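The values are calculated or read from the model by the stated rules, or taken from the named source; none is laboratory data. Nothing here was measured: the structure is a model prediction, and the numbers come from that model. Here Cβ is always computed from backbone atoms with ideal geometry, including for glycine, and neighbour counts include all displayed protein chains.
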């Protein structure tokens, strides 16, 4: 009996020492080395791909933002996005999805409301948007709530509204959207996309040049 | 090009990349676990541990090593979280409460990485890098060690010796996971995954105001999270978060990382038992199931049945534009057919049948290709069962790889396959029967039941993904999923190692004309059939109440 207790203690001791040594290797040295390499080779990316405009940081090209006025291109809804509920000395972005199921009435209602809003916002006196033209990404929340992109179809749908509100031609804006449309990587990986923040920064520049 | 051909091409590219890595990685891993030489850095580690890496262990000594190391791991990670409030380098985050600390400690030590917490608001730098990420490495290495011990059981004869646990643990970490993760981490940073130790970033927004996000050693953790089939995200949104998975390429790359070791281990197995063809037969079984599941998932997600998805015109709820439906489907299947549980899109908002496919993938026991190590040993257990069934059909004592599958072997294999279904079904039934646990459900009806079924399927099979609408941060779910994870990880390991010991002690049976040729396609077919039938019979009633009821409504 005494023997088995000592054996167990010895075994746990070996386990603890193994854990501490491996923690040093994989939990201290490894992340520090990777951080060193990352900060040396790709400092911009390693620190969050921040984007500057008008001499100030206006966000990260990877992190979607909400709250653009209708003069600008609109992002996807982000109903799953939250704010931190613990450690509330901060106001952190809390990434997340709605997790509502495909047969949930709440989701049906929110999709229908979003679609009606997209139709309403983008229709003008001489330009009717039909509900069937609204792409799925325009009325659904992404997995992270931070999706920085919209589909080229949703960007295209917004061209007329944004052009009219900024006193630009549809053709000029369509060109701008095309310039900011990123196709599939190597032609087949992922889906084509338009980065909303970068597009809106370019739009602001364009407006400033057109109406100095 | 439409989304369908693009999805198929991504599938082909992924398959090609995995095929290229298969032989070199699989052979390399066999050498790692067979070599008699120790690296200098490993000798230092052994000195630190105070263990002799050349002592051969019996199955019970090997098991005691696994259990002691894991027990210490749970305790250490528990204390780290409980003490976070006073640890430096923790962003001023407070300590984690006891139930959640227990759940998280168990979760990461068992290679599950179920998360009842929100990473970005709960865990500071020290817990993430020196606690959670460390377990990402070592829990994966433990899984591989147990698998290798079982392979040695098949490969060796008339001995009780299965190798040395400390040596297998250290080699798996230092020679396989660490170099792989380091390369992968740098690739990820080059594509935009963050890697820093700065505090909370507060940056301006385009329309004014500001937003706050945490910095962190994300790339180094992301790499091992996928490579070790762990799956615990730095951020709540996991691999849907742009800082964890910024581009379509990183998405495909992360799927590759998830699958590469589990598939290549079949080569390691083949080399170590002296017949790579036996490895190919196991590989073919895994690949057939994986491919079938991907096809099924792509079909159901692109068809987007379900009222909300029909109203939206596509299954984009919970999915990111840059990945699209096709790549999200490949990720979802790959993460649930392994023990990963990372997500690049949210399974709860998939079509009813798509959600069912993710659950069924876990219910198969995560063996196609499964977690690192756990996938291989799970599949070998199924192979033993399949051989047994075939033996019953022809009335001959079954044998596999020259070892007789006698009473003791089949009892151990049967216990193995009974553990997780028992855990899943009992915990789910009890949770549904009690008055308060169902309050955690977000959705009503069949989908609400699916949330609970998914939670215990995920925990018991050490997956870690969720129908994340379920509020799992309650004392009930933290404790019960914690127990399910512990029992679902270590009970099967007991049976695997006991089986390994029993096989290693046998003398080999010569191959005769009557021997079932387990390296032939016929056996692969038999094995696929056995897996699907056994799982189907076990889980059909539960699946009918949840995803099938929702998907066929």
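Just so you know, in region B:44-64 the residues that are in a helix (DSSP H, G or I) and at the interface with chain A (Cβ under 7 Å from one of its Cβ atoms) include one that is surrounded by the most Cβ atoms within 10 Å (Cβ to Cβ), and it is B:45. Flag set for residue B:361, criterion: in contact with a helix residue (DSSP H, G or I) (Cβ under 8 Å, 6 or more places away or on another chain) and buried (at least 24 other Cβ atoms within 10 Å of the Cβ). If you go through region A:95-111 and keep only what is surrounded by fewer than 24 Cβ atoms within 10 Å (Cβ to Cβ) and touching a helix residue (DSSP H, G or I) at 6+ places or on another chain (Cβ under 6 Å), you end up with A:103, A:108. Of the candidates A:151, A:144, the single residue that is surrounded by 24 or more Cβ atoms within 10 Å (Cβ to Cβ), closer than 30 Å to residue B:236 by Cα and touching a residue at least 12 places away in the same chain (Cβ under 8 Å) is A:144. I'd like to check something: does region B:326-347 contain any residue that is more than 21 Å from residue B:253 (Cα to Cα) and either modelled with pLDDT of 95 or more or within 14 Å of chain A (Cβ to nearest Cβ) (or both)? Among the residues of region B:326-347, not one is more than 21 Å from residue B:253 (Cα to Cα) and either modelled with pLDDT of 95 or more or within 14 Å of chain A (Cβ to nearest Cβ) (or both), which makes the answer no.
In the set B:70, B:35, B:107, only one residue is closer than 29 Å to residue B:162 by Cα, surrounded by fewer than 16 Cβ atoms within 10 Å (Cβ to Cβ) and within 28 Å of the chain's Cα centre (by Cα); that residue is B:35. Tell me the helices (runs of 4 or more DSSP H) entirely within region A:1-63 that contain at least 3 residues that are modelled with pLDDT of 95 or more and either on the phi > 0 side of the Ramachandran plot or more than 7 Å from chain B (Cβ to nearest Cβ) (or both). By residue number, A:30-41. For region B:299-316, a tally of residues being surrounded by fewer than 24 Cβ atoms within 10 Å (Cβ to Cβ), more than 15 Å from residue A:138 (Cβ to Cβ) and in contact with a helix residue (DSSP H, G or I) (Cβ under 6 Å, 6 or more places away or on another chain) returns 3. Residue under question is residue B:370, and the condition is that it be away from chain A (no Cβ under 14 Å) and in contact with a helix residue (DSSP H, G or I) (Cβ under 7 Å, 6 or more places away or on another chain); does it hold? Yes: the conditions hold for residue B:370. Can you name every residue in region A:186-198 that is under 22 Å from residue A:51 (Cα atoms) and touching a helix residue (DSSP H, G or I) at 6+ places or on another chain (Cβ under 7 Å)? Hits for region A:186-198 are A:192, A:194.
The set of residues in region B:348-357 being assigned to a loop (DSSP other than H, G, I, E, B) and either surrounded by fewer than 24 Cβ atoms within 10 Å (Cβ to Cβ) or facing chain A (nearest Cβ under 7 Å) (or both) consists of B:351 alone. Among the residues of region B:517-525, are any in contact with a strand residue (DSSP E or B) (Cβ under 8 Å, 6 or more places away or on another chain) and either assigned to a helix (DSSP H, G or I) or closer than 23 Å to residue B:373 by Cβ (or both)? The answer is yes; a qualifying residue exists. Touching a helix residue (DSSP H, G or I) at 6+ places or on another chain (Cβ under 9 Å), over 27 Å from residue B:238 (Cβ atoms) and within 14 Å of chain B (Cβ to nearest Cβ): is that true of residue A:203 in this structure? Yes; evaluated as a whole, the condition is true for this residue.
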